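Input: a single structure, listed below in structure tokens.
Every read-out reported here was derived from the displayed coordinates using simple, explicitly stated rules and does not represent laboratory data. Only a predicted model underlies this, so the values are computations on that prediction, with no experimental measurement involved. For neighbour counting, all protein chains shown are included, and Cβ atoms are generated from backbone atoms with ideal geometry for every residue, glycine included.
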Amino acid sequence: MFRYFLVFMLVSTLAAAQNPDSLEVYSRDSIRYTNLKARMSKSKFSRAVYRLLFRDVYNQGQVTEVKEIETNPFTPFEGMVIRKIYIRQLDILGESVYDTTRVGNRLERFLSKNLHTNTREGIIRRSFLLFSEGDDIQAQVLKDNERLLRENRTIVDARIIVIPRKDVTWMADVVVLVQDAWSLNFSGSFNNFSKFRLGIEDINVRGTTHSQRTGIRWDSRDTLQKFQFRTIYTVPYIGKTFITGQASFIYERDIKEQSIRFFRRFLTNETRYAGAVEAAHRKTIQYKRFLDSTEVQVPLFPTDYKYYDIWLGRAFKFPFPESRLAQNSRLVVALRHNKFVFSERPQVSPELNKIYWNRSATLASLGFSNRNYKRDVLIYGFGRTEDVPVGNLFAMTVGRENTEFGARGYGGLQYATGHYLPHNLGYMYTLINVGSYFKEGKAQQGTLAGQVNYISNLIPFGYSFFRQFLTFRYTHGVNRDPLDYLNISGEQGIRGINSEQLIGTKRLTIGTETVFFSDKSLLGFRIAYFVFADIGLVNGVPSLWDSPVYQGYGLGLRLRNENLTFNTLQLRIGYYPNIPGNRSVWRFGADGNVPLRLRDFDISAPAIVPLQ
């Protein structure tokens, strides 16, 4: 039996992942894996080891299929009539939308059937499908619907299959394959009965797709607040409206909030109306230092305010139908109004702490959006299908803000573009944001921001893959207040640190990361190794270019099971040679890394360009 275990460890180390550039390699790996599985099934011990440590991650056929990103698979069925719609819900563990013949082991089947309630079929039909029985098939609608299913937190992956009828050539059946995510998650920590934390989240309450998140904390030695509590309830789509509703009640040390929000995005190019209504009462305690202060201490600023925010947008088809842009392009007009009233805040004056003014604003925007999506894998996910937005966005925003110190105008421009580069050179996204308030011809609280993201194609490495990521950010604040500044710590600059001394109104950061997606799988968790390097400048001194070049270098690994909804587990060790206040140049971190998503090109509410 031990011999089988050694064989298992050796072969699993050399096992191959799917190679989109070579069906031969994929087939060879599949055969090797199948032979290993047969050998491991000969004894009870080896079967136990197999079930504990190994998963069928190579027989999905996913990378090869998703590689065909240029075509719409539903185009051949355009115009056919949908006779029947069948919903097939796969087990959350063991099965795959790209290989419906796969069957999970006994443990996976037990967990899927007994500890999870699948999304109700009626809710999928009523609230998640853009088409109905009797409709003509529209290829773009089916492609968009597949993407919208995958966007929902409760769903790991989804696929739509059209099956033409043999007896009636102008009709077809549609099969919707849906694989839920694990819905119930727990979190917490326990030092003793004087200090503990407990959280529970159900993202699919009894199969309704509603989500509820509740958490409590207790610290008997906390002089500000011993007991803390929060609960957030979300209804993703209300009926057939695609409107999402969310209510929050938070009673914590640094934030107390009661809020309600209803919103609808421009989900597809065919969505005509979008908007949101939100109202809240919020108390916060902010830990900030003055921008021009040389003190290390960070003062406390309690705030207490109420606000409401409402906006509505209307999309129109591109006015030149013969243009090649017409199919995926829309012109969008939107109007927004909000109001903030403070009852507690830092000291304010006509030239001080403008972000804490009592104010109301009316904004209007006119925008152009051209967007499409291409399927890919192994970008920010660990094997699930990822819909990569490609297209362009241009929006102009103007408005007026009435404050307790008089009125002022606002103007802003936004431009974004993202495309796969020719010759398989990868994907590049560019964003430029410019905006400022104006009063008596002078700019106030202005922001100039630019960002470039580059993602290489999947690069084969043996039987596995790696990608190269590169991020460039530049932000320039214009006439900002002493409490309104940039920080280059964390994900906005040098990851792995949090320093209130790295602040200013101008920032330049460059980050690079190489991610190696391993072919290993441990207890259903895929493994990715990464190496990173970050450098940044911030004008803590009068000029940005006189700033020291702050640096961070490191490596680590990430573990994630796409069928589970909690964050990616990340282990990281970093070297930071010149971060002020560091007791050591080395730092080790273990945290939950939130899976990122690429920015879309849908135009939403008219907005003030943030300083971030």
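Cross-link partners for Lys288 among the aspartates and glutamates, with Cα-Cα distance under 12 Å and sequence neighbours closer than 8 places in the same chain left out: Asp484, Glu500. Around the Cα centre of region 75-180, unit charges on the Cβ atoms of Lys, Arg, Asp and Glu (plus for the first two, minus for the last two) sum to a dipole of about 320 debye. Ordered by the count of other Cβ atoms within 10 Å of each Cβ, fewest first, Thr271, Thr223 give Thr223, Thr271.
Placing unit charges on the Cβ atoms only, positive for Lys and Arg and negative for Asp and Glu, gives region 295-413 a dipole magnitude near 580 debye about its Cα centre.
Classify region 524-612: rounded, prolate or oblate, from the alpha-carbon gyration tensor (a ≥ b ≥ c, eigenvalue square roots; a/c under 1.5 rounded; otherwise prolate if a/b is larger than b/c)? Cα axes put region 524-612 in the oblate bin.
Per-residue 3J(HN,Hα) values for region 84-91, derived from phi via the Karplus relation 6.51 cos²θ - 1.76 cosθ + 1.60 with θ = phi - 60°, read 9, 10, 10, 9, 10, 9, 7, 4 Hz in sequence order (x marks Gly and Pro).
Classification of region 254-593 by its C-alpha gyration tensor yields an oblate form. The axis ratio a/c (a ≥ b ≥ c) is 1.5 or more, and b/c is at least a/b.
Is the shape of region 362-442 best called rounded, prolate or oblate, per the rule: a/c under 1.5 gives rounded, else a/b larger than b/c gives prolate, else oblate, with a ≥ b ≥ c the square roots of the Cα gyration tensor eigenvalues? Verdict is prolate for region 362-442. Ranked for footprinting exposure by Cβ neighbours inside 10 Å, fewest first, Lys520, Lys143 give Lys520, Lys143.
Between the amide H of Arg560 and those of Arg526, distances stay under 5 Å, these residues lying 5 or more places away or on another chain, with hydrogens modeled in the peptide plane.
Listed by chain and number, the lysines whose C-alpha is less than 24 Å from the C-alpha of Lys520, apart from same-chain residues fewer than 8 away, are Lys37, Lys42, Lys44, Lys67. Rounded to the nearest Hz, the phi-derived 3J(HN,Hα) couplings of region 135-142 under the Karplus curve 6.51 cos²θ - 1.76 cosθ + 1.60 (θ = phi - 60°) are 6, 6, 6, 10, 4, 5, 5, 5, where x marks glycine and proline. Cross-link partners of Lys240 among lysines, defined as those whose alpha carbon lies under 20 angstrom from its own and excluding same-chain residues fewer than eight positions apart: Lys84, Lys143. Based on Cα contacts under 8 Å between residues 6+ apart, region 254-593 shows a relative contact order of 9 percent. Sequentially through region 125-131, phi angles give Karplus couplings (6.51, -1.76, 1.60; θ = phi - 60°) of 5, 7, 10, 10, 9, 8, 9 Hz, Gly and Pro residues having no value and appearing as x. Coordinate range of the alpha-carbon atoms in region 474-523 per principal axis, descending: 51, 19, 14 Å.
Legend: ranking of residues Leu458, Leu115 from fewest to most surrounding C-beta atoms inside 10 Å; resulting order Leu115, Leu458. Placing +1 on each Lys and Arg Cβ and -1 on each Asp and Glu Cβ, with no other charges, gives region 347-392 a dipole about its Cα centre of roughly 80 debye. With contacts taken as Cα pairs under 8 Å and at least 6 residues apart, region 75-180 reaches a relative contact order of 43 percent.
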